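A.B. asks: One structure, pasted below without further comment.
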Amino acid sequence: MTAARHTLVIGLTGGIGSGKSTVASGFGRLGVPLIDADLIARELVEPGKAALEEIRAVFGPECLTTEGRLDRTWISEKIFADEKLRRQLEAILHPKISKRIKALIADVQAAYCIVVIPLLLETGQQNLVDRILVVDTPENEQIKRVAARDKLSHNAVIRIMDTQATREARLAAADDIIVNDSDLETLTSHIRSLHHRYLELSNGN
Ligand code: ADP
């Protein structure tokens, strides 16, 4: 009997607007299974889920819209202004997100998978993954891309970036780096070469 093969788990992270979603889709097009922490977080707070009740108990009924869904704008503003509330929200969500990520990884039938965790370093979830892939983009480019994508002012983007790990901290934690400072064709070729590297690495597992 051979032991079950371990799936190589790549944690994909990067600052807002660095290109994580774009890179993840590129791996997805190559047939690599994707797990998305943001999507999991959204599913966890759907009406009827335990997490939503726990959040309501901490934040009060104002955290819900009239349809009984989590009011994401309201809650973002609250936790932006109050560090203690941010930690309380994280204490509710992060263990549940980690548990769900682990369950999804256990179901993967592939040599490797990509787990997109935007706040991988900020939330100390490095233990979930075997390698950290950082998408690195010059900050001025991040600001331009997010301002265009989300119709935000440059200052609003900078405020969000200030709550995230610094570019230096991310690069220091990276096993692999994709520099996304050029066109999408260049990005695709970076993704393809990393794909081959991950397939090779997973052979050794
Ligand atoms: P993240 O998921 O890290 O927030 P996205 O993948 O959504 O970032 O990228 C931010 C924006 O920049 C998106 O509108 C995306 O289409 C665009 N983008 C990403 N990489 C490039 C690139 N190399 N060239 C041009 N636009 C890009």
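The values are calculated or read from the model by the stated rules, or taken from the named source; none is laboratory data. Keep in mind the model is a prediction, meaning the values are calculated, not measured. When we count neighbours, we look across all protein chains shown, and the Cβ atoms used for this are built from the backbone with ideal geometry, even at glycine. The protein model used for the area step is the full one, side chains on, heavy atoms only, and it has no ligands, DNA or RNA in it. Shrake-Rupley method; radii C 1.70, N 1.55, O 1.52, S 1.80 Å.
A.B. asks: I need the full set of residues from the range 141-160 which are out of contact with any Gly (no Cβ under 6 Å at 6 or more places or on another chain) and either of a type in the set (Ser, Thr, Tyr) or within 13 Å of the ligand (Cβ to nearest atom) (or both), in order please.
C.D. replies: Scanning the range 141-160 gives Glu141, Ile143, Lys144, Ala147, Ala148, Arg149, Asp150, Lys151, Leu152, Ser153, Val157, Ile160.
A.B. asks: Give the residues of the range 1-16 that are in contact (Cβ under 8 Å) with a residue 60 or more places away in the chain and either open to solvent by 10 Å² or more (accessible area, probe 1.4 Å) or more than 16 Å from the ligand (Cβ to nearest atom) (or both), sorted by residue number.
C.D. replies: Arg5, His6, Thr7, Leu8, Val9, Ile16, listed by residue number.
A.B. asks: Just to verify a result, which residue in the range 52-108, among those that are among the aromatic types (Phe, Trp, Tyr) and farther than 17 Å from Leu119 by Cβ, is most open to solvent (accessible area, probe 1.4 Å)?
C.D. replies: Here the answer is Trp74.
A.B. asks: With the structure loaded, tell me whether Val45 is open to solvent by less than 30 Å² (accessible area, probe 1.4 Å), at pLDDT 95 or above and closer than 25 Å to Thr186 by Cα or whether it fails that test.
C.D. replies: no
A.B. asks: Lys99 fails exactly one of the following numbered conditions: (1) away from the ligand (no atom under 16 Å from the Cβ); (2) within 15 Å of Thr13 (Cα to Cα); (3) within 17 Å of the chain's Cα centre (by Cα). What is the number of that condition?
C.D. replies: Lys99 satisfies all of (1) away from the ligand (no atom under 16 Å from the Cβ); (2) within 15 Å of Thr13 (Cα to Cα); (3) within 17 Å of the chain's Cα centre (by Cα) except (2).
A.B. asks: Something else about it: Select from the range 164-190 the residues that are within 11 Å of the ligand (Cβ to nearest atom) and out of contact with any strand residue (DSSP E or B) (no Cβ under 6 Å at 6 or more places or on another chain) and list them in ascending order.
C.D. replies: Gln164, Asp181, Ser182, Asp183, Leu184, Glu185, Thr186, Leu187, Thr188
A.B. asks: Tell me which of these Val108 doesn't satisfy, since it passes every other one: (1) modelled with pLDDT under 95; (2) assigned to a loop (DSSP other than H, G, I, E, B); (3) among the β-branched types (Val, Ile, Thr).
C.D. replies: (1)
A.B. asks: In addition: Listed residues Arg29, Arg69, Arg42; which is under 30 Å from Ile178 (Cβ atoms) and outside the structural domain of Leu152 (by TED's automatic domain parsing)? I'd like the intermediate steps shown before the answer.
C.D. replies: Working: Arg29 fails: outside the structural domain of Leu152 (by TED's automatic domain parsing); Arg69 fails: under 30 Å from Ile178 (Cβ atoms).
Going through Arg29, Arg69, Arg42 in turn, the sole match is Arg42.
A.B. asks: Would you mind telling me which numbered condition in (1) in contact (Cβ under 8 Å) with a residue 40 or more places away in the chain; (2) surrounded by fewer than 12 Cβ atoms within 10 Å (Cβ to Cβ); (3) not aromatic (Phe, Trp, Tyr) Ile35 fails?
C.D. replies: (2)
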